[in-house]
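So the structure is just underneath, and the comments pick up after that.
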Amino acid sequence: MDTIPVEAGLLLAGILFMLGLLSVLIRRNIIFMLISVEIMLNAAGLAFIVAGARWAQADGQVMFVFILTMAAAEVSVGLALILQIYHQLKTLDSDAANKMKG
Amino acid sequence: MLATFYIASAIAIIATVMVITRHNLIHALLYLVVSFLAIAVVFYLLGASFIAALEVIIYAGAIVVLIIFVIMMLNLKAEAVEQERQWMQGGIIIGPAILSLVLLVELFYIISGVGMSGHEYHIVDAKAVGISLYGPYVIGVELSGILLMSGIVGAYHLGRQKKKIVHRFLEEPEE
């Protein structure tokens, strides 16, 4: 049985993280920025899984469960904030929300 | 097994590239589901079958459906796609792409220099994960519960619409 090289798994995680980072940097739509953060969190979890499989420890999968919990809480609060921003400003442009009032 | 890993990785990368280049939000989300499913295949090949199931159920199921519900509530029209296309044109991608690519090359250089290969992968089953989760990491589980609770309360508080007072005698006088 051929084994998967550890470098390939970590490189996949790095590429996915880079794509998410790139998307956060180039997008102005605030929902696309939230999706990109999800991609980056998932890539970080992938790196944990690869390391956990390499050293035969359960800690990597435990960390992935915590990342998953954090991503779920983050996306619910983020979407509630997006709804409020859209109702107040009538746009999804993240540059329009640069003033704090009240 | 190795070929399956490389094919799944290629699908994940291509689907993610499609996500970050789409102008329509729904198309991007469908490609995001494909990307998550491909990563779930990678998890399964790495011996983490429980995490692969969680990836499909929570990421590709719950989180994407939540985002789709919000997009439906926002009731975006065709102008949103047009505006997105307008924002994305030009050389806006070049600068961030170069910076991210330099970081990726540095990361690859560091990873390739350590030399970790040549070892067998071990299957870590859900039982070991559960024992670890409710043994040394039980404080993390409790804190995750508190985090989810505060997330629910925060989402309810932030997502609430302000009530309008319809009766004219109950209205506050304008200053």
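Could you please find all residues in region B:51-89 being within 22 Å of B:A10 (Cα to Cα) and either in contact with a helix residue (DSSP H, G or I) (Cβ under 6 Å, 6 or more places away or on another chain) or facing chain A (nearest Cβ under 7 Å) (or both)? Hits for region B:51-89 are B:I51, B:A52, B:L54, B:E55, B:V56, B:Y59, B:A60, B:V64. Among the conditions (1) at the interface with another protein chain (Cβ under 7 Å from one of its Cβ atoms); (2) among the small types (G, A, S); (3) over 25 Å from B:I14 (Cβ atoms), the only one that B:A48 does not satisfy is (3). With the structure loaded, tell me whether A:Q84 is crowded, with 22+ Cβ neighbours inside 10 Å, more than 16 Å from the chain's Cα centre (by Cα) and within 7 Å of chain B (Cβ to nearest Cβ) or whether it fails that test. Considered against the rule, which asks whether it is crowded, with 22+ Cβ neighbours inside 10 Å, more than 16 Å from the chain's Cα centre (by Cα) and within 7 Å of chain B (Cβ to nearest Cβ), A:Q84 comes out as no. Restricting the first member to region A:84-102 and to residues that are within 18 Å of A:I26 (Cα to Cα) and modelled with pLDDT of 80 or more, and the second to residues that are of a type in the set (D, E, K, R) and surrounded by 10 or more Cβ atoms within 10 Å (Cβ to Cβ), the beta-carbon pairs closer than 7 Å and six or more apart or on different chains are A:D93/A:R28; A:S94/A:R28; A:D95/A:R28. Filtered by the rule that a residue be farther than 18 Å from A:A13 by Cβ and modelled with pLDDT under 80, region B:93-114 gives no residues.
The values are calculated or read from the model by the stated rules, or taken from the named source; none is laboratory data. Here the structure is a predicted model, which is why all the values come from computation and not from measurement. Cβ: placed from backbone, ideal geometry, glycine included. Neighbour counts: every protein chain shown.
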